[in-house]
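A short worksheet on the structure shown next.
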Amino acid sequence: MPRPAVSVVAPCYNEQDALPEFLRRVGAVLDGIGSSSEIVLVDDGSRDRTWDVLAEAAGRDRRIVAVRLMRNHGHQLALTAGLSVCRGERILIIDADLQDPPELLPDMMVLIDQGADVVYGQRRQREGESLFKRVTAAAFYRLIARLTDVQIPPDAGDFRLVTRRVLDLLLAMPERHRFIRGMVAWIGGRQVPLVYDRHARVAGESKYPIAKMVRFAADAITSFSVVPLMASMTIGWIMAALGFGFFIYSIVGWWGGHTLPGWTSLMAAVGLLGGMQFLMLGIIGAYLGRLYDQSKGRPLFMIRDIVGGPNGEPP
Ligand code: UDP
Ligand code: MG
């Protein structure tokens, strides 16, 4: 079976309302390109009619491959499932909510023709997203840039076109806590930005509530930096220096005979030290927990059905 020239891969979680418009626009873009193509859509354990929409679409359009996971695995793992099913020579990673315009595909193809390995979308503007989301996202990208040596481009999501070579390298990485945009940056090669404006969702609402955002940020930081682990060392040195200062101060005080029942300083020191120790233990726990998850070696995702495509059931 020859590979299609392009695969479009999108994870979908409760996207029944966004999908018809998504399929229409992506279909039109692929028609315009004219080469062979496929659209791999992963239903990440949706609770709405997403799977019915996907399976029905796979029956209508031979390019569509619908994949259903056993349960909700989360954005990054659902995307990984789609990436391991897709067969294209070039792979467009995109969200199903049309925040990122599929119409940029031809421009991305040109940049790959000119020798890029990865063309990533870099957001100039984010429409329809709350101030909170924009501020936290900006802070996150700046924090991660400070914590790691990998050049993870700021203000870029997973929206990108990658070559088969890059995708195979990505799929060879067995890590569970996946921060895909960082992993792609880590691979290297020639990575080229394409600036665009991010739009508001066509339908539905964000599937990234604050708790998921925090977990995503923690996965990104722990996957790409051990600086937090080292922080306990730095803080330890500072506390040791302060402690030594207090030690001298108390000896001198005792020498001079004016020691006081120092309740305040004692409480301050206990509080500060206790807080620091719990914080550092928490950081160690965050890494240890991920190490434990990884050591179990469970599959990253579990597929329930595939409809369409050469490896799937006929629709
Ligand atoms: N998504 C998913 N599983 C999840 C959460 C999200 O497959 O558990 C998909 C979702 O359907 C969308 C993409 O991941 O295609 C990005 O999610 P969303 O648009 O909600 O995130 P935001 O753009 O608000 O950061
Ligand atoms: Mg979105």
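Farthest toward the positive end of the dipole of the chain, out of F278, Y141, P11, is the Cα of F278, where the dipole comes from beta carbon charges about the Cα centre. Over segment 139-260, Cα pairs under 8 Å with separation of 6+ residues give a relative contact order of 30 percent.
If only the Cβ of Lys and Arg carry +1 and only the Cβ of Asp and Glu carry -1, the dipole of segment 206-315 around its Cα centre is close to 140 debye. The residues of the chain present an accessible area of 53 Å² per residue when probed at 1.4 Å with all protein chains retained. Taking 0.890 mPa s as the viscosity and 25 °C as the temperature, the Stokes-Einstein diffusion coefficient of segment 245-315 based on its alpha-carbon Kirkwood radius rounds to 135 µm²/s.
The mean sequence separation of alpha-carbon pairs under 8 Å and at least six residues apart, normalised by the residue count of segment 1-157, gives a relative contact order of 27 percent. Dipole of the chain computed with +1 at Lys/Arg Cβ and -1 at Asp/Glu Cβ about the Cα centre; of G74, L98, G88, farthest Cα towards the positive end is G74.
By Kyte-Doolittle mean hydropathy of at least -0.5 and Cα axial length of at least 30 Å, which whole DSSP H helices of the chain are selected? Those that clear 30 Å and a mean of -0.5 are 227-256, 263-296. Computed extension gain for E21 through I248, at 0.36 nm per residue and net of the alpha carbon distance, reaches 74.5 nm. With equal scatterers on the alpha carbons only and no solvent term, can you work out the Debye log10 of I(q)/I(0) for segment 29-93 at 0.14 1/Å? Calculated log10 I(q)/I(0) at the listed q: -0.43. Annotation: segment 266-305 has a Kirkwood hydrodynamic radius of 12.9 angstrom, from the mean reciprocal C-alpha pair distance.
Note on the chain: with charges restricted to the Cβ of Lys and Arg (+1) and Asp and Glu (-1), its dipole about the Cα centre is near 600 debye. Rounded to the nearest 20, the size of the Cβ-charge dipole of segment 106-265 about its Cα centre is 260 debye, with Lys and Arg at +1 and Asp and Glu at -1. Across Q294, Q76, Q277, mean-square fluctuation computed from a Gaussian network of the chain (C-alpha pairs under 10 Å connected) peaks at Q277. So, R0 is 22 Å and r is the distance between the beta-carbons of S35 and I303; what FRET efficiency does that work out to, to 0.05? So, using R0 = 22 Å, E works out to roughly 0.25. From the Kirkwood radius over Cα pairs of segment 142-262, Stokes-Einstein at 4 °C and 1.567 mPa s returns a whole-number translational diffusion coefficient of 69 µm²/s. Note on segment 201-314: dipole from Cβ charges, positive end direction compared against G236, G308, F246; the farthest Cα belongs to G308.
Solvent-free Debye calculation, one equal scatterer per alpha-carbon of segment 2-110: log10 I(q)/I(0) at 0.11, 0.15, 0.20 Å⁻¹ equals -0.29, -0.55, -1.00. Taking the 1.4 Å solvent-accessible surface of the chain as the whole, the part contributed by carbon and sulfur is 63%. In this structure S36 has an accessible area near 70 Å², from a 1.4 Å probe over the protein heavy atoms. When DSSP beta bridges are restricted to pairs lying wholly in the chain, around 30% turn out antiparallel.
Our summary of shape: the Cα atoms of segment 55-167 have principal axis extents of 45, 37, 26 Å, ordered from largest down, in whole angstrom. Rg/Rh for the chain (Cα atoms only, Rh after Kirkwood) is 1.13.
Normalised by the residues of the chain, what does the relative contact order come to in percent, with Cα pairs under 8 Å and at least six apart? 24 percent. Can you figure out the FRET efficiency of L131 with L229, using R₀ = 35 Å and their beta-carbon distance, to the nearest 0.05? Between L131 and L229 the formula returns 0.60.
The values are calculated or read from the model by the stated rules, or taken from the named source; none is laboratory data. Remember, it's a predicted structure, so these values are computed and weren't measured experimentally. When we count neighbours, we look across all protein chains shown, and the Cβ atoms used for this are built from the backbone with ideal geometry, even at glycine. Keep in mind that these areas ignore ligands, DNA and RNA; they rest on the heavy atoms of the full protein, side chains included. Shrake-Rupley method; radii C 1.70, N 1.55, O 1.52, S 1.80 Å.
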